[in-house]
Amino acid sequence: MSVVTRFAPSPTGYLHVGNLRTALFNHLIARKAGGSFILRLDDTDPERSRESYADAIREDLEWLGLTWDREERQSARLDRYAEAADRLRAAGRFYECFESPTELDLKRKKQLNMGRPPVYDRAALELSDAERERLRGERGGYWRFLLDRERIEWQDGILGALSIDAASLSDPVLIRADGQVLYTLASVVDDIEMGVTHVVRGSDHVTNTATQVQIMQALGATAPEFAHHSLLTGALGEGLSKRLGTLSLRDLRAQGIAPEALLSLMARLGSNQPVALRASLDEIAEGFDLAQFGAAPTRFDAADLIPLTRAHVQGLPVAAVRPAIEALGVPPEDAEAFWTVARENIDTLGDLGGWWALCRDGAEPEIAPEDAEFVAEALRLLPPPPYGPTAWADWTGAVRAATGRKGKALFMPLRKALTGQGHGPDMAALMPLLRRVRALG
Ligand code: GLU
């Protein structure tokens with residue numbers, strides 16, 4: 001049986017690091033097994049789904065290199081869901097309910113007051129045909145799946161043996177009063193009809209899985225393998241849900257985070273394998289194993305992406321960065337020299353702009369009061385740009401001879417006068433790229 005996985009985002013927002021974990025795991029499982037990976041847009045909610053979000057999802061996945069073999073949209077499959085609903089009705093597993101949200105809320109409160117779990121009481125099953133007819137005239141009915149009140153068990157790819165008592169769950173609503181098919185049913189129908197063999201998703205879906213296993217059985221299908229990964233928390237263990245908006249993949253991309261860094265981190269974080277930068281999805285797939293992930297919440301710190309991005313970026317050959325460098329306005333003949341100078345001093349490619357601005361426009365000099373006289377004397381010995389390859393050696397040699405300073409006391413004030421900073425590129429390599437030295441006036 002060939003492996004089929006899917007990533008099923010709702011196009012109601014931008015993808016964030018939490019979604020990425022799901023997408024990546026499913027992608028890697030398919031890739032490792034030579035199977036196929038489906039991008040499925042769960043867009044049955046016409047109010048909240050947006051085409052622009054669907055475009056953004058594709059764009060983000062492409063940026064990461066998480067290619068998919070097939071795209072499906074739930075909105076194009078409504079007839080399939082209607083047909084499955086008919087089959088559930090015919091099998092006596094689907095029933096119409098009429099309670100309003102307020103009525104349901106009241107029931108729940110009463111149950112809780114009596115110390116009972118707030119499970120839907122199935123009152124709608126007791127309605128007579130006449131009552132049902134009357135209620136239908138007053139308000140639309142919605143549909144619930146009738147769970148078998150027995151234990152639902154599966155061997156979870158991450159959580160191990162799971163067992164959930166269906167008697168502790170409310171019969172899930174699958175079709176709303178306005179006719180909208182809900183995710184729980186649509187997803188089951190898709191997973192069956194698309195031959196999905198492995199479903200990996202967040203552990204917030206464990207209860208869904210229990211009900212979906214029964215719905216699948218009621219439709220005569222066998223459930224796929226399920227695995228539920230832990231949810232991400234912030235660096236201090238705090239919930240991430242509110243902050244996920246600021247951890248969108250497009251924000252990280254805008255910050256210059258490299259896809260390789262993001263993928264390398266997310267494919268190992270929360271597992272018992274160390275995180276290390278890997279250059280390609282193939283390398284990432286190599287050691288990937290769901291069984292090595294734990295159930296405990298996984299701490300995610302966006303700051304961890306910086307050293308990984310830095311390691312990735314610094315290892316790039318000039319050919320890979322030439323377009324980005326030339327786009328800054330660096331003349332093609334200087335691109336390689338500029339890369340050599342800048343690469344050791346950047347975290348992301350976005351930092352290149354700052355170094356080019358320094359070469360092009362010079363930097364505001366930083367001169368400590370106690371060095372003012374020394375620097376003034378040194379600057380009198382510095383000709384204006386352009387500089388040749390020996391400019392730094394020539395200049396510092398002349399300054400040493402004139403002032404007697406040497407070592408750090410010689411070099412540091414001169415570096416700060418030219419670059420405005422106490423650290424940075426090799427000055428001998430930087431000088432030929434300088435077009436302006438502001439300290440010279
Ligand atoms: N659209 C669902 C979600 O984003 C998909 C869950 C699933 O993988 O089945 O939560």
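Which fully enclosed helices (runs of 4 or more DSSP H) of segment 231-325 have 3 or more residues being of a type outside the set (Asp, Glu) and farther than 25 Å from Thr67 by Cβ?
Working: elements: 249-254, 259-266, 281-286, 305-314.
Answer list for segment 231-325: 305-314.
Could you please let me know if Ala84 is touching a residue at least 12 places away in the same chain (Cβ under 8 Å) and within 11 Å of the ligand (Cβ to nearest atom)? Spell out the reasoning first.
Numbers: touching a residue at least 12 places away in the same chain (Cβ under 8 Å): yes; within 11 Å of the ligand (Cβ to nearest atom): no.
Against the criterion (touching a residue at least 12 places away in the same chain (Cβ under 8 Å) and within 11 Å of the ligand (Cβ to nearest atom)), Ala84 does not qualify.
For segment 37-83, give me each residue that is surrounded by 14 or more Cβ atoms within 10 Å (Cβ to Cβ) and among the hydroxyl-bearing types (Ser, Thr, Tyr).
Thr44, Ser49, Tyr53, Ser75, Tyr81, listed by residue number.
Could you check how many residues of segment 235-245 are surrounded by fewer than 20 Cβ atoms within 10 Å (Cβ to Cβ) and in contact with a helix residue (DSSP H, G or I) (Cβ under 9 Å, 6 or more places away or on another chain)? Show your work before the answer.
Residues of segment 235-245 surrounded by fewer than 20 Cβ atoms within 10 Å (Cβ to Cβ): 235-239, 241-245.
Those left that are additionally in contact with a helix residue (DSSP H, G or I) (Cβ under 9 Å, 6 or more places away or on another chain): 235, 241, 244-245.
Residues meeting the conditions: 4.
Could you please let me know if Thr222 is more than 11 Å from the ligand (Cβ to nearest atom) and free of Cβ contacts under 8 Å to residues at least 60 places away in the same chain?
Working: more than 11 Å from the ligand (Cβ to nearest atom): yes; free of Cβ contacts under 8 Å to residues at least 60 places away in the same chain: yes.
In short, yes.
Scan segment 390-397 and tell me whether some residue there is under 21 Å from Ala357 (Cα atoms) and in contact with a helix residue (DSSP H, G or I) (Cβ under 9 Å, 6 or more places away or on another chain). Steps first, please.
Of the residues in segment 390-397, the ones under 21 Å from Ala357 (Cα atoms) are 391-392.
Now narrow it down to the ones that are in contact with a helix residue (DSSP H, G or I) (Cβ under 9 Å, 6 or more places away or on another chain): 391-392.
Yes, there is a match, as at least one residue in segment 390-397 is under 21 Å from Ala357 (Cα atoms) and in contact with a helix residue (DSSP H, G or I) (Cβ under 9 Å, 6 or more places away or on another chain).
For segment 1-20: of the residues being more than 12 Å from the ligand (Cβ to nearest atom) and over 13 Å from the mean Cα position of the chain (by Cα), which is nearest to Leu247 (Cα to Cα)?
Step one: of segment 1-20, the residues more than 12 Å from the ligand (Cβ to nearest atom) are 1-4, 14, 17, 20.
Subset that is over 13 Å from the mean Cα position of the chain (by Cα): 1-4.
Numbers: Met1: 37, Ser2: 34, Val3: 31, Val4: 28 Å.
Among residues in segment 1-20 that are more than 12 Å from the ligand (Cβ to nearest atom) and over 13 Å from the mean Cα position of the chain (by Cα), the one nearest to Leu247 (Cα to Cα) is Val4.
Identify the single condition in (1) closer than 19 Å to Asp191 by Cα; (2) not in a loop (DSSP other than H, G, I, E, B) that Thr102 does not satisfy, given that it satisfies every other one.
Result: Thr102 fails condition (1) only.
Filter segment 39-53 down to the residues that are more than 11 Å from the ligand (Cβ to nearest atom) and part of a strand (DSSP E or B) and list them by number.
The first filter runs over segment 39-53 and keeps only residues more than 11 Å from the ligand (Cβ to nearest atom), leaving 39, 46-48, 50-53.
Leu39 - this is the single residue of segment 39-53 that is more than 11 Å from the ligand (Cβ to nearest atom) and part of a strand (DSSP E or B).
Looking at (1) within 14 Å of the ligand (Cβ to nearest atom); (2) modelled with pLDDT under 95; (3) more than 22 Å from the chain's Cα centre (by Cα), can you tell me which one Leu231 breaks?
All conditions are met except number (3).
From the list Arg435, Arg405, which one is farther than 30 Å from Pro323 by Cβ and part of a loop (DSSP other than H, G, I, E, B)? Reasoning before the result, please.
Working: Arg435 fails: farther than 30 Å from Pro323 by Cβ.
None of the others qualify; the one that does is Arg405.
Would you kindly identify the strands (runs of 3 or more DSSP E) lying entirely within segment 112-178 that contain at least 2 residues that are surrounded by fewer than 17 Cβ atoms within 10 Å (Cβ to Cβ)?
Working: elements: 142-145, 151-156, 160-165, 173-175.
Of the strands (runs of 3 or more DSSP E) lying wholly inside segment 112-178, those with at least 2 residues that are surrounded by fewer than 17 Cβ atoms within 10 Å (Cβ to Cβ) span 151-156, 160-165.
Condition first: on the phi < 0 side of the Ramachandran plot and more than 29 Å from the chain's Cα centre (by Cα). Can you find one or more residues in segment 306-326 that meet it? Spell out the reasoning first.
Just the residues of segment 306-326 that are on the phi < 0 side of the Ramachandran plot, to begin with: 306-326.
Keeping just the survivors that are more than 29 Å from the chain's Cα centre (by Cα) gives 326.
Checking segment 306-326: at least one residue is on the phi < 0 side of the Ramachandran plot and more than 29 Å from the chain's Cα centre (by Cα).
Among the residues of segment 42-68, which ones are farther than 16 Å from Pro9 by Cα and not hydrophobic (A, V, I, L, M, F, W, C)?
Gly65
Between a first residue in segment 405-417 that is closer than 9 Å to Pro365 by Cα and a second residue that is in a helix (DSSP H, G or I) and of a type in the set (Gly, Ala, Ser), which pairs have beta carbons less than 9 Å apart while being 6 or more apart in sequence or on different chains?
Ala417/Ala378; Ala417/Ala439
If only one of Ala33, Ala56, Ala23 is away from the ligand (no atom under 13 Å from the Cβ) and closer than 22 Å to Phe226 by Cα, which one is it?
Working: Ala56 fails: closer than 22 Å to Phe226 by Cα; Ala23 fails: away from the ligand (no atom under 13 Å from the Cβ).
Result: Ala33 is the single residue among Ala33, Ala56, Ala23 that is away from the ligand (no atom under 13 Å from the Cβ) and closer than 22 Å to Phe226 by Cα.
Across segment 179-199, which residue is farthest from Asn26 (Cα to Cα) among those that are away from the ligand (no atom under 11 Å from the Cβ) and in a helix (DSSP H, G or I)?
Within segment 179-199, the match that is farthest from Asn26 (Cα to Cα) is Leu185.
Here is a list: Ala398, Ala391, Ala342, Ala417. Which entry is in contact with a Phe, Trp or Tyr (Cβ under 6 Å, 6 or more places away or on another chain), surrounded by 13 or more Cβ atoms within 10 Å (Cβ to Cβ) and at pLDDT 95 or above?
Ala342
The values are calculated or read from the model by the stated rules, or taken from the named source; none is laboratory data. What you see is a predicted model, and the numbers here were worked out from it, not measured in a lab. Ideal geometry is used to build each Cβ from the backbone, glycine not excepted, and the neighbour counts take in all protein chains shown.
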